[in-house]
Every structure is written in structure tokens, then in C-alpha cells.
Amino acid sequence: MADLTSNFIGIKSPNPFWLASAPPTDKEYNVVRAFQAGWGGVVWKTLGSEGPPVVNVNGPRYGAIWGADRRLLGLNNIELITDRPLEVNLREIKTVKRAWKDRALVISLMVPCDEESWKDILARIEDTEADGVELNFGCPHGMAERGMGSAVGQVPEYIEMVTAWVKKHSRMPCIVKLTPNITDIR
């Protein structure tokens with residue numbers, strides 16, 4: 001059998017096949033099932049700081065993208081960040097990481113654009129023993145009105161500022177997920 005061991009920005013996993021932040025990575029039960037099925041890592045469903053409650057879609061969590069000939073071209077995750085309490089997510093992440101030390105576990109984050117909010121959540125995340133964080137600057141729906149997601153991802157100065165805060169207040173590798181609306185990543 002070929003060795004598929006992966007090392008992505010210092011995050012090691014038994015293979016390079018990871019699940020992205022989405023409904024299948026939203027809780028301990030789902031992530032454990034993914035690891036049991038052989039996935040090398042997951043990006044835990046996007047967490048936010050405590051604050052106004054998030055109300056997710058009621059019903060299908062994906063929207064269809066249809067071609068001109070009505071063929072299905074793809075699916076779009078239309079769900080917002082997690083609607084589960086932060087403490088529940090952090091406890092489950094810690095449990096999963098301790099049980100699956102060889103698997104990559106990255107936490108997706110969408111936090112208000114102020115240094116104290118980032119400093120606070122990063123300290124709490126470090127305690128989970130997660131392998132890294134993903135800065136969700138790509139989400140086009142639901143949180144732009146709170147100055148998060150793609151509202152940050154379309155302003156290079158904001159991306160630089162928040163990434164610097166993350167590097168200042170965390171030891172973890174940092175993945176920046178941009179919105180596809182960026183036309184020049186320099």
C-alpha cells in the first residue's frame with residue numbers, strides 16, 4: 001500500500017483527504033464517523049464567539065446549482081456557522097482530538113473583526129489541542145451583516161489585520177479561506 005501520509009503547513013494526517021467545514025463536520029458523532037471511514041482530517045464546522053444566536057436554515061442545508069440545460073452542476077452549502085453553543089463544540093473537539101491523535105483537526109472560525117474577540121476565542125481553542133485554525137473569510141451568506149465572512153475576505157487590509165492577530169495570539173498553523181470574489185490574491 002502506498003504511503004499517503006500528509007503534512008500540510010505542519011499539520012500531519014494519515015492521508016490528504018479531509019472533509020471541509022460543513023454539516024458533516026458539525027459535531028463529535030459526525031467527525032468520529034468520518035475518521036472511522038478513513039478520512040485523514042476534518043475542518044470542524046465554523047465556530048463563532050458567543051453572541052447573538054445563529055438561526056440556521058430549516059430544511060435542506062444545500063442549494064442546487066443548475067446549468068442552462070437543467071443538469072445539476074454542483075451543490076452550495078447554504079447553512080450558516082454552527083448554531084450549537086461554543087462550549088459544547090469545544091468540549092467535543094477536545095474529546096475527538098484526544099481519541100484520534102493521528103488525524104488532522106482544524107477549527108474553522110468566524111469572529112467579529114476586533115482583536116479582543118480573536119484573542120479570547122483563540123485561547124479557548126488552544127485548549128482543545130486542535131491542529132490549526134481556518135479563518136473563514138469566504139462565507140458569502142448570513143454573517144456579512146455582522147462584519148464577518150466574505151465582508152472581511154474582500155478587504156485585503158482586514159485579512160492582513162486579522163491574520164496578524166491570529167499569529168500573535170496563537171501557536172497554531174493558520175489557513176486563510178478567501179471568498180471566490182477575490183480576483184487578485186497578491
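The values are calculated or read from the model by the stated rules, or taken from the named source; none is laboratory data. If you're wondering where the values come from, they're calculated on a predicted model, not measured in any experiment. Cβ coordinates were reconstructed from backbone atoms using ideal geometry, including for glycine residues, and neighbour counts include every protein chain displayed.
Considering only residues that are more than 19 Å from THR95 (Cα to Cα) and either modelled with pLDDT of 90 or more or touching a Leu at 6+ places or on another chain (Cβ under 7 Å) (or both), which ones fall in region 19-48?
The answer is ALA20, and nothing else.
If the Cβ limit is 6 Å and pairs must be 6+ apart or interchain, which residue in region 77-88 that is farther than 14 Å from ALA20 by Cα and modelled with pLDDT of 70 or more pairs with which residue that is assigned to a loop (DSSP other than H, G, I, E, B) and among the polar types (S, T, N, Q)?
Close Cβ pairs satisfying both conditions: ASP83/ASN56.
Applying the selection to region 88-116, what residues are touching a Lys or Arg at 6+ places or on another chain (Cβ under 9 Å) and more than 14 Å from VAL166 (Cβ to Cβ)?
VAL88, ASN89, LEU90, GLU92, VAL96, LYS97, ASP102, ARG103, ALA104, LEU105
Which residues, counting only those in region 158-186, are of a type outside the set (Val, Ile, Thr), assigned to a helix (DSSP H, G or I) and either on the phi > 0 side of the Ramachandran plot or at pLDDT 85 or above (or both)?
Within region 158-186, GLU160, MET161, ALA164, TRP165, LYS167, LYS168, HIS169 meet the criteria.
Are any residues in region 1-50 of a type in the set (Lys, Arg) and either assigned to a strand (DSSP E or B) or free of Cβ contacts under 8 Å to residues at least 40 places away in the same chain (or both), and if so, which ones?
Across region 1-50, the qualifying residues are LYS12, ARG33, LYS45.
Those residues that are part of a loop (DSSP other than H, G, I, E, B) and within 15 Å of the chain's Cα centre (by Cα), I need them from region 88-111; list them, please.
Across region 88-111, the qualifying residues are MET110, VAL111.
Please state which of the following conditions ASP114 fails to meet, knowing it meets all the rest: (1) touching a Leu at 6+ places or on another chain (Cβ under 9 Å); (2) free of Cβ contacts under 8 Å to residues at least 24 places away in the same chain.
Every condition holds for ASP114 apart from (1).
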